[in-house]
Amino acid sequence: MAKRLFGTDGIRGVAGEWPLDPKTVVALGIALGDDLNKHSLGHLPVLIGMDTRESGPAIAAQLAWGLAQRRVNVEFAGVVTTPGVAYLTRTGKYSAGTMISASHNPFQDNGIKVFSRTGFKLPDDEETAIEDEIFDLLPLVIPPAEYPALPQLPLVQPYLDFLLSTLSKPLTGLKLILDCGNGAASALAPELFRQAGAEVEAIHATPNGRNINLHCGALHLEDLQARVQASGADAGVAFDGDADRAMLIAQSGRVIDGDAVLLIAGRMLHSTGQLRGATVVSTVMSNLGLEKALERAGIAMLRTSVGDKYVLEEMIRRDAVLGGEQSGHIIFREYATTGDGMLTALKVLETAMLECRSLDALAEDLTIYPQLLVNIRVKDKKPLADMPSVQFAIAAAETELAGSGRVLVRFSGTEPLARVMVEGLEAALVERTAQTIADAIRAELG
């Protein structure tokens, strides 16, 4: 059965509206408390972290109040990254970790991600059981008029110390520009990279609760590209709102996205005998050019559904140590249980230092096949198989591509969107076929 609340990255929506209204957030806290007590973990506190959205403190207080109804205490870390919550949860004495963030979405949105005590996102069956209880609780929950404010504890430093410990070579001499997206990395990333030895200029690092991801960060690279090229910096790094992903900018202005990172890191690990099974795990969104570049290096690439959760599950099944997404979620399994933007940037820049090569040089043989992603806002998510006109458009596109490209049509797991991705050798053909499929979806669901 399809889940009704949890998407590919937790529960997400407009802050204050269902499913992030106070009543539902309280019900989540109660249901999570019941789940922890069922597993004899309720005596340990739950760690709560958040990004910089103005709605974060209220949601944190509501979640804590719900947990308190089941006598589960919380510790509040304040502003921290999603991978920071995952790390602190698995290394501390916590029953679970929760991150309040909507990642790359605008400030009006928010979300709740839940990690088990091992730092992994909850498995699908456990999420389903929790949301079933939430729906049972909703008629019974009476939220209070006010919620006790949560005292913030100084919990984040061990995470930064850990990140620094992963470096075998300092970043001394590198000049970096960091676009913190006015999000969770705003205070943490500049301090981390300065401690790693780099000269750092931070931009978009003054969050006000409403400017997170606003024309900045990992989805808006234009400003960072211009700054890197104008300043002569060695590289730029852009984080999204909760810093579980990173996009890098080379000196030339070239975007070093998740595909390029997988190639750079994959070859480095392979050359040192650390890439178990000579395999990298990515998703159906990764460019065909990555697959071919890895193949030339003697590395196989496996694809999963979109979502770093599913990448990680496949990595565990295959005992792979490196995986990720084109969007910049990269998992270094030796160090982390989720995508980590700051770790990703550290490891890529460390590779550049070890090989004495620029990011442009490290990615120069990655040929990107023309690829177009079209997002269509939909009113409902009717199964694609039940829409003959859409199926006909997809089949026609695959015939035109004649085996030299790919078509992927799916619904977003976090937003009311249908996503159409077409990839091929000719940009004009890619654009035409993608728009034809998108038009068919609009006619059915727009």
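Quick notes on this one:
- Residue match in the stretch 185-195 (condition: more than 18 Å from Val80 (Cβ to Cβ) and in contact (Cβ under 8 Å) with a residue 24 or more places away in the chain): no
- All of (1) in contact with a helix residue (DSSP H, G or I) (Cβ under 7 Å, 6 or more places away or on another chain); (2) farther than 25 Å from Leu224 by Cα; (3) at pLDDT below 95 hold for Ser286 with one exception: (2).
- Any strands (runs of 3 or more DSSP E) falling wholly within the stretch 198-290 and containing at least 1 residues that are in contact with a Leu (Cβ under 8 Å, 6 or more places away or on another chain) and of a type in the set (S, T, N, Q): 279-283
Matching residues to (1) in contact with an Asp or Glu (Cβ under 9 Å, 6 or more places away or on another chain); (2) under 20 Å from Ile142 (Cα atoms):
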| residue | (1), (2) |
| --- | --- |
| His39 | no, no |
| Leu47 | yes, no |
| Ala60 | no, yes |
| Ala68 | no, yes |
| Val74 | no, no |
| Thr91 | no, no |
| Tyr94 | yes, no |
| Gly111 | yes, no |
| Pro123 | yes, no |
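- Conditions (1) out of contact with any Gly (no Cβ under 6 Å at 6 or more places or on another chain); (2) not aromatic (Phe, Trp, Tyr); (3) not assigned by TED's automatic domain parsing to the domain that holds Arg303; number of the one not met by Val284: (3)
- Considering only residues in the stretch 120-141 that are within 26 Å of Glu54 (Cα to Cα) and of a type outside the set (A, V, I, L, M), the one that is surrounded by the most Cβ atoms within 10 Å (Cβ to Cβ) turns out to be Lys121.
- Exactly one residue among Leu302, Leu349 is in contact (Cβ under 8 Å) with a residue 60 or more places away in the chain and either polar (S, T, N, Q) or touching an Asp or Glu at 6+ places or on another chain (Cβ under 9 Å) (or both), and that residue is Leu349.
Yes/no matrix, rows are residues, columns are (1) surrounded by fewer than 19 Cβ atoms within 10 Å (Cβ to Cβ); (2) hydrophobic (A, V, I, L, M, F, W, C); (3) under 17 Å from Gly84 (Cα atoms); (4) at pLDDT 95 or above:
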site	(1), (2), (3), (4)
Pro143	yes, no, no, no
Ser165	yes, no, yes, yes
Pro170	yes, no, no, yes
Glu199	yes, no, no, yes
Ala202	no, yes, no, yes
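- Figure legend. Inter-residue proximity from the stretch 198-221: first residues outside the structural domain of Gly78 (by TED's automatic domain parsing), second residues acidic (Asp, Glu) and assigned to a loop (DSSP other than H, G, I, E, B), beta-carbon distance below 7 Å, spacing 6+ or different chains. Indicated pairs: Gly209/Glu54; Arg210/Glu54; Ile212/Asp51; Asn213/Asp240; Gly217/Asp240; Ala218/Asp240; Leu219/Asp240.
- The requirement of being in contact with a Leu (Cβ under 8 Å, 6 or more places away or on another chain), farther than 26 Å from Leu290 by Cβ and surrounded by 19 or more Cβ atoms within 10 Å (Cβ to Cβ) is satisfied by Leu188.
- Looking only at residues in the stretch 376-388 that are of a type outside the set (Lys, Arg) and exposed (fewer than 13 other Cβ atoms within 10 Å of the Cβ), the one that is nearest to Thr414 (Cα to Cα) is Asp380.
- If you go through the stretch 135-163 and keep only what is touching a residue at least 40 places away in the same chain (Cβ under 8 Å) and part of a loop (DSSP other than H, G, I, E, B), you end up with Leu138, Val141, Pro143, Pro144, Tyr147, Pro148, Ala149, Leu150, Pro151, Leu153, Leu155, Val156.
- For the stretch 33-62, the set of residues classified as more than 21 Å from Arg210 (Cβ to Cβ) and touching a Gly at 6+ places or on another chain (Cβ under 6 Å) consists of Leu36, Leu47, listed by residue number.
The values are calculated or read from the model by the stated rules, or taken from the named source; none is laboratory data. In this text the structure is predicted, and so the values were computed from the model without any measurement. As a convention, Cβ positions derive from the backbone with ideal geometry for all residues, glycine included, and neighbour counts pool all protein chains shown.
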